[in-house]
Amino acid sequence: MTTNESREIQPREKEVLLTEDPRTGVVFRPDVDILEQSDAFVIYADMPGASEETVDIQLEKGVLSLHARLAQTPPNVRTLYAEYRDGSYFREFRLSEDIDAAGVSARMKDGVLELRLPKSAEKKPRRIEVQAA
């Protein structure tokens, strides 16, 4: 295939968590990208079907937990075809002490959760000025 040929998009199944969990229903593990910037780490979590109202983010004892409920099909609607199953998302991250826990922020747009984890002041790069002697 040459680089000019278009590639057909192949659907990919969401990964179902197979661990013991007290949550009812199917639980999916959202795919993430983690980027490092000079002053923060940024996590992008793919959570189609979730919204800012259904996402719950907890940071406790150095563990960042993401949980989101997926919208349920209304009872008066008949589903003819569905690639997404009802369920929820769950993912956890263990954070290092390099993160300023008080400055963590989140926003949701088009089914993608963006978490900004600022680095603590001691871990941010610092420019040192050179003085003339």
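The values are calculated or read from the model by the stated rules, or taken from the named source; none is laboratory data. The model shown is predicted, which means the values in this text are computed figures rather than measured ones. A quick note on method: Cβ atoms are made from the backbone with ideal geometry, for glycine too, and the neighbour counts reach across all protein chains shown.
Here are the numbers for this structure:
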| read-out | value |
| --- | --- |
| Members of the range 87-99 that are assigned to a strand (DSSP E or B), in contact with a Lys or Arg (Cβ under 8 Å, 6 or more places away or on another chain) and more than 15 Å from Thr54 (Cα to Cα) | Ile99 |
| Positions within the range 100-129 being of a type in the set (Val, Ile, Thr) and within 25 Å of Thr54 (Cβ to Cβ), in sequence order | Val104, Val112 |
| The range 1-38: number of residues that are more than 15 Å from the chain's Cα centre (by Cα) and modelled with pLDDT of 90 or more | 1 |
| Test result for Tyr84, crowded, with 17+ Cβ neighbours inside 10 Å and either closer than 21 Å to Ser51 by Cβ or at pLDDT below 90 (or both) | no |
| Which numbered condition Ala133 fails, given (1) at pLDDT below 90; (2) in contact with a strand residue (DSSP E or B) (Cβ under 9 Å, 6 or more places away or on another chain); (3) over 25 Å from Gln37 (Cβ atoms) | (2) |
